[in-house]
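See structure below.
The values are calculated or read from the model by the stated rules, or taken from the named source; none is laboratory data. Not measured: the values here are computed from a predicted model. When we count neighbours, we look across all protein chains shown, and the Cβ atoms used for this are built from the backbone with ideal geometry, even at glycine. Each accessible area value is taken on the protein alone, full model and side chains, heavy atoms only, with ligands, DNA and RNA left out. Shrake-Rupley method; radii C 1.70, N 1.55, O 1.52, S 1.80 Å.
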Amino acid sequence: MLRQTRVALSFTALAIMLMMGGTRHANAASKLPDPIHAGVAERLYRLDCGHSLANDESVWTPGENVGRSIEFSSTCWLIKHGSDWLLWDTGVPESTLNDPRGWSTLPKLIVYHLNRSLTDQFAEIGLKPGDIGRVAISHTHGDHIGNMGLFPDSAILMQRAEYTWVHSPDGPNDNVNQLMALARKLLGTPKNLQLIDGDTDVFGDGSVTLFSTPGHTPGHQSLLVHLKKSGFIILSGDVAHLEENFEKDIVPTLNTDKAASIASMERVRRLIATYKAKFFINHDKSQTDKLKLLPGFYD
Ligand SMILES: [Zn+2]
């Protein structure tokens with residue numbers, strides 16, 4: 001009798017779990033693409049958007065690598081969809097180009113360098129900044145929005161939560177406050193700002209989806225792109241800085257929400273499984289160095 005009750009109880013618990021899981025999946029599926037029927041973008045190009053040197057890796061890997069220096073990559077991505085172009089992040093400001101002193105978002109922590117401008121890299125494939133119809137940004141840290149000024153006529157796609165956050169009063173962490181002030185300056189007042197709430201299918205065919213991954217900042221997002229030959233690829237933004245952080249759920253000290261950061265990494269892992277996706281980590285230089293660079297592309 002007792003055993004039957006226990007079995008019945010666990011069956012009920014399982015049914016509830018499945019229902020909840022089913023509901024969550026249905027909600028997610030309403031904006032995320034169907035893996036079988038999703039449309040495709042034609043090309044995905046990687047642009048060199050700078051690199052940076054930090055003198056204490058442990059800021060990004062708390063408890064490990066104290067006092068060890070590290071070099072990060074900064075990557076922007078350009079997506080061709082029909083005759084439309086979408087740029088993902090805009091990198092280190094072009095004013096830094098070939099300046100040996102570099103540029104910094106937080107001078108005590110990290111210095112950025114830029115060897116090639118976005119404009120020059122666009123020109124290599126016959127484009128100019130005015131050809132970019134949409135600029136989507138993962139989040140508002142300076143190394144991701146350094147060149148918004150090149151795109152005054154583009155639609156700027158960002159999460160409403162991110163926009164609201166950088167325009168909110170300062171909090172207790174002075175480093176974070178400095179980053180917010182810089183974000184307001186670099187973001188300016190885009191005339192075609194499109195604030196989005198959560199997951200968004202950019203072209204309406206499942207080929208490019210912005211999906212919410214808060215934690216590094218309150219309105220952080222990542223991007224899922226579907227290509228004909230390469231399949232699905234996830235562009236990280238800063239949901240994780242290094243492969244090891246992603247594998248071990250390590251959260252940098254500058255992130256605004258540790259629990260949300262871990263939940264977002266878990267979300268990415270689920271999407272990698274669902275879409276059999278590759279995962280390109282923006283700042284992981286050892287991974288980035290192995291990826292194709294414009295004029296090469298993924299298709
Ligand atoms: Zn970053």
**OP:** Leaving out ligands and nucleic acids, note down the accessible area per residue over segment 34-153 with a 1.4 angstrom probe, in whole Å².
**Re:** 40
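Determine the alpha carbon to alpha carbon distance for each of Lys185/Lys290; Lys191/Lys228; Lys128/Lys290 and list only those over 32 Å. Don't skip to the end; give the middle numbers.
Numbers: Lys185/Lys290 34 Å; Lys191/Lys228 34 Å; Lys128/Lys290 26 Å.
Lys185/Lys290; Lys191/Lys228, as the Cα separations exceed 32 Å there.
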Original post:
What is segment 237-299's relative contact order, in percent, from Cα pairs under 8 angstrom and six or more apart in sequence?
Top reply: 36
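How much length is gained if the chain between Asn175 and Ile36 is pulled fully straight, taking 0.36 nm per residue apart and subtracting their Cα-Cα distance, in nm to one decimal?
Numbers: separation 139, 0.36 × 139 = 50.04 nm, distance 4.38 nm.
Value of the extension gain: 45.7 nm.
How many percent of DSSP beta bridges within the chain run antiparallel, rounded to 5? It would help to have the intermediate numbers written out before the result.
Working: 34 of 48 bridges.
Beta bridges within the chain, antiparallel portion: roughly 70 percent.
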Original post:
Karplus couplings for segment 136-147 from phi (6.51 cos²θ - 1.76 cosθ + 1.60, θ = phi - 60°), rounded to Hz, Gly and Pro as x?
Top reply: 9, 10, 5, 6, 9, 5, x, 6, 10, 10, x, 10
Subject >> Built amide H within the under 5 Å cut-off of His81, gap 5+ >> reply: Glu42, Leu86
Original post:
In segment 83-124, which trypsin sites (Lys or Arg not before Pro) are in a loop and have at most 13 other Cβ atoms within 10 Å, using DSSP for the loop call?
Top reply: Arg101, Lys108
Subject >> Virtual spin-label span in nm between Val66 and Ile125, 7 Å along Cα→Cβ >> reply: 4.5
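So how do Val176, Val111, Val66 rank on accessible area, 1.4 Å probe, biggest first, that is with the largest at the start? Before the final figure, lay out each step's value.
Values: Val176 20, Val111 45, Val66 115 Å².
Final ranking, largest accessible area leading: Val66, Val111, Val176.
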Subject >> Interchain or long-range residues, amide H under 5 Å from Asp199's placed H >> reply: Ser212
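Under a 1.4 Å probe, what is the accessible area of segment 191-231 per residue, stated in Å²? Numbers along the way, then the final one.
Details: 1390 Å² over 41 residues.
Per-residue accessible area for segment 191-231 comes out at 34 Å².
Where Lys and Arg each count +1 and Asp and Glu each count -1, what net charge lies around Thr256 among other residues with Cβ under 12 Å from its Cβ?
-2
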Original post:
Rounded to a whole number, what % of the accessible area of the chain do carbon and sulfur atoms account for, probe 1.4 Å?
Top reply: 56
Original post:
About its Cα centre, what dipole magnitude does segment 131-242 give when the only charges are +1 on Lys and Arg Cβ and -1 on Asp and Glu Cβ, stated in debye to the nearest 20?
Top reply: 180
Original post:
In terms of modelled amide H atoms, which long-range or inter-chain residues lie less than 5 Å from the amide H of Ala240?
Top reply: none
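Please state the shape class of segment 213-286: rounded when a/c is under 1.5, otherwise prolate if a/b exceeds b/c and oblate if not, all from the C-alpha gyration tensor.
Working: a/c = 1.95, a/b = 1.71, b/c = 1.14.
Because a/c hits 1.5 or more and a/b exceeds b/c, segment 213-286 counts as prolate.
Show Thr253, Thr119, Thr213 ordered by accessible area, largest first, where the area counts protein heavy atoms only and the probe is 1.4 Å. List each step's numbers first, then the result.
Numbers: Thr253 80, Thr119 50, Thr213 0 Å².
Sorted descending by solvent-accessible area, the residues read Thr253, Thr119, Thr213.
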